[in-house]
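A quick write-up on the structure given underneath.
The values are calculated or read from the model by the stated rules, or taken from the named source; none is laboratory data. Given the structure is predicted, the values throughout are model-derived calculations rather than measurements. Here the Cβ is made from the backbone with ideal geometry for all residues, glycine too, and neighbour counts use every protein chain on show. SASA here: full protein model, heavy atoms, side chains in, ligands and nucleic acids out. Shrake-Rupley method; radii C 1.70, N 1.55, O 1.52, S 1.80 Å.
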Amino acid sequence: MDIKKIAVLGSGVMGSGIAAHVASAGCEVELLDIVIDEANPDKLAAGAIEGLKKSKPALMMHPRFLKKIRPGNLRDHLDRLKDCDWVVEVVKEDLKVKQDLYARLEGHLKDGAWITSNTSGIPLRLLTEGRSEGFKKHFAITHFFNPVRYLRLLEFVKGPDVPEAEASAFRTWLEDKLGKEVVPAFDSPTFIGNRIGIQGIMSVLHMALAEKIPFEVIDSVMGDAAARAKSALFRTADLAGVDITAATASNVYNLCPNDEDRDTFKLPEFVEWMLANKLLGNKTKAGFFKKDKGPDGKKVFLRLDPETRTYVPQVKKDWPILKELKGIDDPAERVKQLLTSDSEAGRLAWRCTAPNLVYAVNRLGEVTDLPSHVDAAIKNGFAFELGPFELWDTLGVERVVARLRYEQRPVPALVERMLAQGVASFYQWKFGVPTAQLNPKTLAFEPIAEDPRVILLKREEGRGKVVAKNGSASLFDLGDGVACLEFHSKMNALDDGIVMMLENSIQKHIPGRFKGLVLGNQGKLFSAGANLAFVLNAARDKKFDLIEEASRRLQYAARLLTYAPFPTVAAPFQMALGGGCELTLACQRAVGHAELYMGLVEVGVGVIPAGGGCLQMLLRLEEAMEAKGEKGPMPKVKTAFQLIGTANVNTSFDECVANGYLRRTDRRVMNSAFLLHEAKAEVLKMAAAFEPRKERTLKLPGLGGVAALDLAVKDFQLQGMASEHDAIIMHELAYVLCGGDVSLVQENTEERILELERQAFARLCGYEKTQARMESILTKGKPLRN
């Protein structure tokens, strides 16, 4: 299936979000809405496009994609649909409005075009009443989650007239091109994600109000510690919109009269009061929480008190277990320790979790038949690390039931049947990966098919595919002559173990055995940078030779990646900061996830890049600027100085390309689950006609350039925008980027720039103010400006 042009009907929050995402994916978009102003018929759609320019967080992956969206209206421009491969309707949630629109647009549809609705409450059979067989054959519900760019879940409901082969092809396109986790759902009110996810929020809300538990106390145990999004429960409601959360809950209450937990979805009077007073969350800058200024002028985060209906300071609980859990990377082990802990935090977390575990089981057969569909919906719609059925298995079904009975909570009938038949899990597991799942009707386990586009390193390790391993990194055999080097240190921070594995892999393990190397891993992020604790401890002990040597080894490993006699491909995703960015830049090519937050952020901790980052930015920016016809030693230096000196972090793959961090030959992957597979394919493609990289020399401006950049920094100081220590860091950065004391005609070798990097890095580590910046990041997670 090849979808190139899409029409989005409705330009509200969801419509504009869908338009932004499909345009960012490379499709042409017709954005149409109703006419509210005869003098400006396209006002709504045009206004939505203007809104996309200002959206925070950005809904477009790069502003250049905005030109792919053309505004129009539903009165004058239905003829544009004849060129569209897919029409997605996102108009008012009113059956008559939708049916009337379908009647008007059906005659304009391209043969074979898909028509889908983003509804979450109107049955599909009612939507298609009175429509032709051809219309019904290509009609489905595609329920996106908001914000569309950042939440991967897309629930897919197909009607009985849609051929499964065509539906499958469409779902595959949605996965490949839009990067979505497409979850088939039954045609039931609010489908899977919202039905179960909102129950989890509402049940805890009722408990919090009844027992007067502060919202922030619940959020403190129901975020990272519980293997959920950092925004936990009530901050998630603020992010999504209190009105949206309330509307979804009301939908279930109104449309599901036989739901055994129906009263949970009934809005408390307190929430009705919030809605009436426009306390809708982030969109109105006040919801369950509010950001304000304290008496000292500093930002403070306040919590809404349901009793007084005023914002009050947050309560902070010093629960030791939450600190202990921060040291556990495995989400399953982390949440297991929390929920089985006999601590106040553990007991509270269990009370917040248990009702939703029961409710999820009771929805099987109503929203879907498969546990994996529920887990996929909750993980991708609410950013959980484990779905409810994975959590049942992690805790142990028999143990969960014993606790439910002890606390006189209801036990799902399905679970009673399972235990009576000796079935004690929802999945069968192998190598830490589910390989079969329970059929709730037969209580038999059915295989979960492996997707060839998905490489799971955990599974590969179980299959004996590890070539070499140490405490921080592993080298895998991905098959077909491709190796993969994975980091598994804390936050995938670069340390001696990773550097050693890079050296051994490129010099020892790969030659003669593999065609090339993927630098990739799986988890929350690619790499948060270098091991800052090591650097700080060495600096305090005044072991500057050790610091410079560690820098030299990282540079050496990076150069091995650049000049390897075989293809090296980085597969960055999410965060690739500092040293993680440097290793990405060092690879000969990058195949990165569209959601890529990459940058050289070292100045934030008082130093400069010293793993080859300065050199790589000069080389890449010179290529980019020469392609634009900009020559001479200074343009690339000025741009590199600005990007590195401001600790610029790109917020998408496309932004990385636009700013020169990545090349136009690098490739974007929309679906993170397919990233390693695509990187492997890139290695094989490069290996077919491989040419090793050659070292280059650079012409740099020398001390004259340093003086010019120092003068610019002085202006910032005079305006109060840079401190004295900032100026010291910037001078060191300028000296490195300008090549030090060299003439304009001198050719500078790569090794010279690397040597300057190392020396500047070690010198800056000697400053107490640099050490204070490092300590602030390590202890508080916040940058210090001193």
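Can you pull out the residues in segment 210-250 that are out of contact with any Lys or Arg (no Cβ under 7 Å at 6 or more places or on another chain) and either on the phi > 0 side of the Ramachandran plot or polar (S, T, N, Q) (or both)?
If the condition is that a residue be out of contact with any Lys or Arg (no Cβ under 7 Å at 6 or more places or on another chain) and either on the phi > 0 side of the Ramachandran plot or polar (S, T, N, Q) (or both), then Lys212, Ser231, Ala232, Thr236, Thr245, Thr248, Ser250 are the ones that fit.
Run Leu517 past the list (1) open to solvent by 10 Å² or more (accessible area, probe 1.4 Å); (2) outside any loop (DSSP other than H, G, I, E, B) and report the number of the one that doesn't hold.
Status for Leu517: all satisfied but (1).
Restricting the search to segment 625-664, which residues are under 20 Å from the mean Cα position of the chain (by Cα), under 16 Å from Gly578 (Cβ atoms) and open to solvent by 40 Å² or more (accessible area, probe 1.4 Å)?
Within segment 625-664, just Val649 meets the criteria.
For segment 110-144: of the residues being part of a loop (DSSP other than H, G, I, E, B), touching a Leu at 6+ places or on another chain (Cβ under 9 Å) and among the β-branched types (Val, Ile, Thr), which is surrounded by the most Cβ atoms within 10 Å (Cβ to Cβ)?
Once the filter is applied, the top-ranked residue is Thr119.
Being touching a residue at least 40 places away in the same chain (Cβ under 8 Å) and either in a loop (DSSP other than H, G, I, E, B) or over 17 Å from Gly705 (Cα atoms) (or both) is the filter here, so list the residues in segment 727-755 that pass it.
Scanning segment 727-755 gives Cys738, Gly739, Val742, Ser743, Leu744, Val745, Gln746, Thr749, Glu750, Leu754.
Checking Arg70 against (1) over 27 Å from Ser132 (Cβ atoms); (2) touching a Leu at 6+ places or on another chain (Cβ under 8 Å); (3) assigned to a helix (DSSP H, G or I); (4) open to solvent by 40 Å² or more (accessible area, probe 1.4 Å), only one condition comes out false. Which one?
That leaves (3) as the condition not met.
Please specify each residue of segment 744-769 satisfying the condition of being over 18 Å from Leu621 (Cα atoms) and open to solvent by less than 50 Å² (accessible area, probe 1.4 Å).
Of everything in segment 744-769, those that are over 18 Å from Leu621 (Cα atoms) and open to solvent by less than 50 Å² (accessible area, probe 1.4 Å) turn out to be Leu756, Arg758, Ala760, Phe761, Ala762, Leu764, Cys765, Gly766.
Please go through segment 377-404 and give me each residue that is of a type outside the set (A, V, I, L, M) and open to solvent by less than 20 Å² (accessible area, probe 1.4 Å), ordered by number. Quick ask: steps written out before the conclusion?
The first filter runs over segment 377-404 and keeps only residues of a type outside the set (A, V, I, L, M), leaving 379-382, 384-385, 387-390, 392-394, 396, 398-399, 403.
Result: Gly381, Gly387, Pro388, Phe389, Trp392, Gly396.
Taking interchain pairs and intrachain pairs at least six residues apart, which have beta carbon atoms under 7 angstrom, with the first residue in segment 254-265 and without any contact (Cβ under 8 Å) to a residue 24 or more places away in the chain and assigned to a loop (DSSP other than H, G, I, E, B) and the second surrounded by 11 or more Cβ atoms within 10 Å (Cβ to Cβ) and not small (Gly, Ala, Ser)?
As it stands, the answer is Asp259/Val252, since those pairs meet every condition given.
Go through (1) among the polar types (S, T, N, Q); (2) surrounded by 18 or more Cβ atoms within 10 Å (Cβ to Cβ); (3) touching a Pro at 6+ places or on another chain (Cβ under 9 Å); (4) under 30 Å from Asn492 (Cβ atoms) for Asn356 and report which single condition fails.
Going through (1) among the polar types (S, T, N, Q); (2) surrounded by 18 or more Cβ atoms within 10 Å (Cβ to Cβ); (3) touching a Pro at 6+ places or on another chain (Cβ under 9 Å); (4) under 30 Å from Asn492 (Cβ atoms) one by one, Asn356 breaks only (4).
Yes or no, residue by residue, for (1) over 25 Å from Ile547 (Cβ atoms); (2) touching a Cys at 6+ places or on another chain (Cβ under 7 Å):
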position: Gly705; (1), (2): yes, yes
position: Lys714; (1), (2): yes, no
position: Gly739; (1), (2): no, no
position: Glu747; (1), (2): yes, no
position: Glu755; (1), (2): no, no
position: Arg763; (1), (2): no, no
position: Leu784; (1), (2): no, no
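Which of (1) modelled with pLDDT of 95 or more; (2) open to solvent by 60 Å² or more (accessible area, probe 1.4 Å) does Thr779 not meet, given it meets every other one?
Of (1) modelled with pLDDT of 95 or more; (2) open to solvent by 60 Å² or more (accessible area, probe 1.4 Å), only one is false for Thr779: (1).
Can you confirm whether segment 702-710 contains a residue that is touching a residue at least 12 places away in the same chain (Cβ under 8 Å) and either in a loop (DSSP other than H, G, I, E, B) or under 30 Å from Trp173 (Cα atoms) (or both)?
yes
Could you tell me whether Ala58 is without any contact (Cβ under 8 Å) to a residue 60 or more places away in the chain, among the aliphatic types (A, V, I, L, M) and open to solvent by 20 Å² or more (accessible area, probe 1.4 Å)?
Considered against the rule, which asks whether it is without any contact (Cβ under 8 Å) to a residue 60 or more places away in the chain, among the aliphatic types (A, V, I, L, M) and open to solvent by 20 Å² or more (accessible area, probe 1.4 Å), Ala58 comes out as no.
List every residue pair whose Cβ atoms lie under 6 Å apart, where the two residues are 6 or more positions apart in sequence or sit on different chains, the first residue falls within segment 205-222 and is over 10 Å from Arg351 (Cβ atoms), and the second residue, located anywhere, is open to solvent by 30 Å² or more (accessible area, probe 1.4 Å) and assigned to a helix (DSSP H, G or I).
Going by the 6 Å Cβ cut-off, the qualifying pairs are Asp219/Arg235.
Determine whether Glu89 is modelled with pLDDT of 95 or more and either touching a strand residue (DSSP E or B) at 6+ places or on another chain (Cβ under 7 Å) or surrounded by 22 or more Cβ atoms within 10 Å (Cβ to Cβ) (or both).
Yes: the conditions hold for Glu89.
Only residues that are of a type in the set (Gly, Ala, Ser), surrounded by fewer than 22 Cβ atoms within 10 Å (Cβ to Cβ), modelled with pLDDT under 95 and part of a helix (DSSP H, G or I): list them for segment 233-249, please.
The initial filter retains those residues of segment 233-249 that are of a type in the set (Gly, Ala, Ser), namely 237, 240-241, 246-247, 249.
Adding the requirement that they be surrounded by fewer than 22 Cβ atoms within 10 Å (Cβ to Cβ) leaves 241, 246-247.
Add one more test, that the residue is modelled with pLDDT under 95, and what stays is 241, 247.
Scanning segment 233-249 gives a single hit, Ala247.
Looking at Lys266, Lys230, Lys278, Lys285, which is the one that is open to solvent by 10 Å² or more (accessible area, probe 1.4 Å) and in contact with an Asp or Glu (Cβ under 7 Å, 6 or more places away or on another chain)?
Values: Lys266 fails: in contact with an Asp or Glu (Cβ under 7 Å, 6 or more places away or on another chain); Lys278 fails: in contact with an Asp or Glu (Cβ under 7 Å, 6 or more places away or on another chain); Lys285 fails: in contact with an Asp or Glu (Cβ under 7 Å, 6 or more places away or on another chain).
Unique residue meeting the criteria: Lys230.
Which of the residues belonging to segment 431-450 are open to solvent by 50 Å² or more (accessible area, probe 1.4 Å) and under 27 Å from the mean Cα position of the chain (by Cα)?
Result: Phe431, Thr435, Ile448, Ala449, Glu450.
Answer yes or no as to whether Asp305 is at pLDDT below 95, among the acidic types (Asp, Glu) and surrounded by fewer than 17 Cβ atoms within 10 Å (Cβ to Cβ).
No: the conditions fail for Asp305.
Filter segment 707-727 down to residues that are under 35 Å from the mean Cα position of the chain (by Cα) and surrounded by 13 or more Cβ atoms within 10 Å (Cβ to Cβ) and give me whichever is farthest from Arg763 (Cα to Cα).
Among residues in segment 707-727 that are under 35 Å from the mean Cα position of the chain (by Cα) and surrounded by 13 or more Cβ atoms within 10 Å (Cβ to Cβ), the one farthest from Arg763 (Cα to Cα) is Phe716.
Given the conditions (1) within 30 Å of Ala276 (Cα to Cα); (2) touching a residue at least 24 places away in the same chain (Cβ under 8 Å); (3) open to solvent by less than 10 Å² (accessible area, probe 1.4 Å); (4) not in a loop (DSSP other than H, G, I, E, B), which single one is not true for Thr190?
Of everything listed in (1) within 30 Å of Ala276 (Cα to Cα); (2) touching a residue at least 24 places away in the same chain (Cβ under 8 Å); (3) open to solvent by less than 10 Å² (accessible area, probe 1.4 Å); (4) not in a loop (DSSP other than H, G, I, E, B), Thr190 misses just condition (4).
Looking at Ile506 and the list (1) at pLDDT 95 or above; (2) outside any helix (DSSP H, G or I), which single condition is not satisfied?
(2)
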